[in-house]
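One structure below.
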């Protein structure tokens, strides 16, 4: 992580406005902060887990997952010692599985290189896998009360409105600029509460589409409100729509067993198990699946089409046809990234949501 600039040139606030924002925001936070399970102590491990879970996931969704994950892995050492398959299974349903794999790798490094203590300096913690500028700032400020900015999407939105900034918040340069603003806004005495107050304001009051300006504690300091711009900010370049991708999922049976395929170690759903997946826009998807299976050394007797599932990722939109089939011959040893699983075993495998939907669709069709 690059160092946050400490230069005070071109800051969008005076010392008087800075003091006002600090006082009003901290007073509001003391009264209105939500009772969230990771706020009940300053355990850096719990804060770390919560921040990773909260990336691209709503608080309401995270809370039950947080409790279950901490019950399964109550300490950093317990998580470091766990098998990756168990860790991924505990994460099942939260999606974005690279988050938990990076977390798992990083806590192992903390145990091996740092004696089980989450680093308390920016330079060291930023070297851990998956720990970017925001996560580093959140852990250091909340757990260790360090004066380090933690600029997430909520804070970018709050700053855009508070200082009437028309900079595109999707740009790296904008984030770096606002990290500098945050650094100079954070009071020396209470970084922990101030950073959380900024995030809370964005989550509860300064919301994306309908900011509650009437109840905002820093309304009198907000330049966007003063100029009537609060509904026009922040400026954010629209992301490209996800690219549609046509696929075939194979529901390949051998007696009471179903064939699973482990995805490549890089790319979408890296290293996770799912149904055999063929990307194809062929008009005859059944023949495409037969040929693909033959290429991998397995002959199948195709069955009926069991249904279709759609799933939207950040950059891809999958539309998959599920085709049933029975294994009738294996010409050589199965590839290492294939395995058979009974239906009971299937429930214990950490399947990404798209494959969970596919399994349910297939079973519903078979047992209809």
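The values are calculated or read from the model by the stated rules, or taken from the named source; none is laboratory data. Worth saying up front: this structure is predicted, and the values here are computed from it rather than measured. Every residue, glycine among them, receives a Cβ derived from its backbone with ideal geometry; neighbour counts consider all protein chains shown.
Annotations for the structure displayed:
Conditions (1) under 18 Å from residue 340 (Cα atoms); (2) modelled with pLDDT under 95, marked per residue:
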site: 243; (1), (2): no, no
site: 249; (1), (2): yes, no
site: 257; (1), (2): yes, no
site: 261; (1), (2): yes, no
site: 282; (1), (2): no, yes
site: 285; (1), (2): no, yes
site: 296; (1), (2): yes, yes
site: 311; (1), (2): no, no
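- Single residue of 64, 119 found to be free of Cβ contacts under 8 Å to residues at least 12 places away in the same chain and under 16 Å from the mean Cα position of the chain (by Cα): 64
- Answer residue from the stretch 201-253, given it is in contact with a strand residue (DSSP E or B) (Cβ under 7 Å, 6 or more places away or on another chain) and loosely packed, with under 11 Cβ neighbours inside 10 Å and is farthest from residue 170 (Cα to Cα) among those: 243
- Some residue of the stretch 183-192 being touching a helix residue (DSSP H, G or I) at 6+ places or on another chain (Cβ under 9 Å), more than 30 Å from residue 140 (Cβ to Cβ) and assigned to a loop (DSSP other than H, G, I, E, B): no
- Single residue of the stretch 324-347 satisfying the filter (surrounded by 12 or more Cβ atoms within 10 Å (Cβ to Cβ) and not in a strand (DSSP E or B)) that is farthest from the chain's Cα centre (by Cα): 334
- Restricting attention to the stretch 349-368 and to residues that are assigned to a loop (DSSP other than H, G, I, E, B) and surrounded by 12 or more Cβ atoms within 10 Å (Cβ to Cβ), the residue that is nearest to the chain's Cα centre (by Cα) turns out to be 352.
- Test: residue in the stretch 312-323 that is touching a helix residue (DSSP H, G or I) at 6+ places or on another chain (Cβ under 8 Å), under 30 Å from residue 91 (Cα atoms) and either without any contact (Cβ under 8 Å) to a residue 12 or more places away in the chain or surrounded by fewer than 17 Cβ atoms within 10 Å (Cβ to Cβ) (or both): no
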